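Shown next, in structure tokens, is the structure this report addresses.
The values are calculated or read from the model by the stated rules, or taken from the named source; none is laboratory data. Keep in mind that this is a model prediction, so the values were computed, not measured. Backbone-built Cβ (ideal geometry, glycine too); neighbour counts: all protein chains shown. In case anyone asks, the SASA skips ligands and DNA or RNA and just uses the protein heavy atoms, side chains included. Shrake-Rupley method; radii C 1.70, N 1.55, O 1.52, S 1.80 Å.
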Amino acid sequence: MLTRGLSPAAVLSKTLAAAILLVGLCGPLVAQEGPESQSGARSPALARVFDAWKARQDRIKSFYFVWNLRVVLPKGYEFPNARVLAGVRKGDVTLDKDKDVDFTVAQSEWSGEGLDRLRSDFSECVYSVAAGWKETGRFRVTQDGILNSRLHVPTRSGEAPTIAIWRKVAIKHPSNAGSSGDYLLEDLEIDLTPLRLALRPSSPASDWSPENCRVVSEDALVGNLRCIKLQMRKVDHSEQCWVDPKRDYSVVRWERRQNELAPLDFAIDAQQGPDHEWLPERWSWRLSAGPASRAASFEATVTRRMVNKKLPDATFAADYPSGTQVYDASVDLPIYDSDDRFVDRDNQPGMLPTDEARATLNAIADAWLKRQATVKRLKYTWHAEHLRDRINTLCIDGEKVMKELKTPAGAVPSPQSLEFDRVPDPRRGWPIHQMKTVFDGVTTRSLSFSDDPQSPGGVLDIMAGSLLLHGGFPIDHLILVFRPFDARFKDDSKVAELRDPARFRVRKQKGRIGNVACVVIETEPGRGTLLSYWLDPARDYLPLREHRMEDGEDRERVDFSYRADPTCGWALAGWTHANAGDSGSLWVPWTDTIIEFTVNQPIPASDFQIDPPPNVKVQDRRINRRAARQKAREAASNAHNAE
């Protein structure tokens, strides 16, 4: 299910609303250490710790924890720029300069059942000098097996709740480019770590295992407690924890160091409850804005805990209130098993054998080549509401190509009004609000206009070949339908690859969209990325859906719509595009609508012409002024080496 979403700026602002930035933590405890013990799985002390952790994890089949977080901020405190913390936001203001700020974030919750059913609920808060800290919404993040969801319910009237729903499984060769699910909890709920180490220490989010850590000391003091100190190192960070053998090997202090950031340093008070389990009852840490400044303090206190009690049936459901804007990236086909795509392709579960797949792929390639040859001319104009009502046009007439974007003058923001680029970064350039690019078969010319004061008359780029037709303009969906093998738009547009079962796989099971049973083909264009195309065999394999997964996780989907047309059979009417961004945020869902099109009709010659203003800045990239200097340097270097 997919509904219209928020504007990109609103979505970004809501994503940032969960941020409090961390730098410089000062731990309240100082540990004294003894000599280093054996490291890795050879250490008996390490084995005792992990055996105790596993035994507790196995005993606690289900749990429910509620805690309050008290925050005390010194007067005039300014949050430093770094990591984030559980839904608390500093905004763009400095705290009260005359008095300390003391507030409590009420009722954060964490629930779990087994190892793959988890739920986290927490508030979103924002500060103003006039009103102090105020709750602006609630987040709920769930994991139910491979299905994940992220619900945000604002408290402000007029703002609709949003939810993203996606699937995630482990894959053998991830790209390590970031993911959702626990990514949100890891970054936004720093105070969740003490519970995670106590209740689910072997979860992927915890990262702790006997293979990646070592015993630093078997006699490290934390106050008057004699502890086992462990260290775990990863590529981008390291963690240490102090374990008390007398409290069932509970973690009583935890520290995390990451690159240039100052360490997180938690004191954890584990207590034995009526359930006889030693679990965190309180944890605290401090945050200093600078070496000479007073530190902010944070203290979490558990107000309720339940262990091995029956949880409500709907605890982990991806449900949502009426009126919620929904992006459901989970589709109808079964997800890959962890090793599904890495076994022998002829025997791969869920996929057609090679010979059957080749016949299907050949039929698809033939149909796409026929459509590409039949549609010799086309002109499509569409409305992109999510890009400030931008109007886009694509024209193709044999070798000639034109693409154009125009943003209405009233919808073009001045640099001062941009929310995140008040002073645009010159390395990134200024936002372009009008551009026309023309390829005549040999040379590409592109005239663009922005608010850049250095180029008031616009910029004209000239380049040999068709490289300027690649990317930077939302024409990919039209190209997929009408020019899938046209190398002018994409370097890897090769019909031979589509015919190759080693590059594309065909699912045995049909994918159903409405009453259409689609052929589903899949390919892996890069490490950790999986693309699937849902094609209608009754309409010459028109693409009805493009679906992308990253690192075993649903990330993006485009759904195409068509209307009957006597000139080409079926004309593209528009597409709906949405994705679940990092941490499951509902990210720029939009529908682009075709407002005018012609197929195989004459196109005015003026569409393929550019008439630049007299004061345009010309950048002729066909003239390689560096080439001569480069050749001279190479010649001098070769002569030197020859000596």
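Side notes on the structure shown:
- For the peptides 432-445, 190-203, the ranking by packing is 190-203, 432-445, with the highest mean count of neighbouring Cβ atoms within 10 Å listed first.
- Spin-label pair A170-N600: with each label point 7 Å from Cα along the Cα-Cβ axis, the two points sit 5.5 nm from one another.
- Cβ-derived FRET efficiency at R0 41 Å, S238 paired with D607, nearest 0.05: 0.10
- Shown is the FRET efficiency for R539 and A314, computed with R0 = 60 Å from the Cβ-Cβ distance and rounded to the nearest 0.05: 0.90.
- Per-pair calculated FRET efficiency, R0 = 41 Å: I513 and Q57 via Cβ, rounded to 0.05: 0.50
- Pairs from K54/K310; K310/K510; K54/K510; K75/K229; K234/K310 whose Cα-Cα separation, in the structure shown, is over 30 Å: K310/K510; K54/K510; K75/K229; K234/K310
- With the simple spin-label model, which puts each label point 7 Å out from Cα in the Cβ direction, the R257 to A131 separation comes to 4.2 nm.
- Here K490 is the anchor, and the lysines within straight C-alpha reach of less than 24 Å, apart from those fewer than 8 places off in the same chain, are K370, K376, K379, K400, K403, K406, K436.
- Segment 265-317 - percent of accessible surface contributed by carbon and sulfur, probe 1.4 Å: 50
- Distance from the alpha carbon centroid of segment 431-466 to that of segment 193-252 works out to 57 angstrom.
- Solvent-accessible area per residue for segment 229-330 (1.4 angstrom probe, square angstrom): 47
- Set of segment 241-260 residues, backbone N closer than 16 Å to the point 7 Å along the Cα-Cβ line of H276: 247-249
- Of the peptides 395-408, 125-138, 607-620, the order by per-residue mean of other Cβ atoms within 10 Å, starting with the highest, comes out as 395-408, 125-138, 607-620.
- Burial ranking of peptide ranges 533-541, 545-553 (average Cβ count within 10 Å, highest at the top): 545-553, 533-541
- Scalar couplings 3J(HN,Hα) for segment 551-556, obtained by applying the Karplus form with A = 6.51, B = -1.76, C = 1.60 to θ = phi - 60°, are 6, x, 10, 4, 10, 8 Hz; x denotes Gly and Pro.
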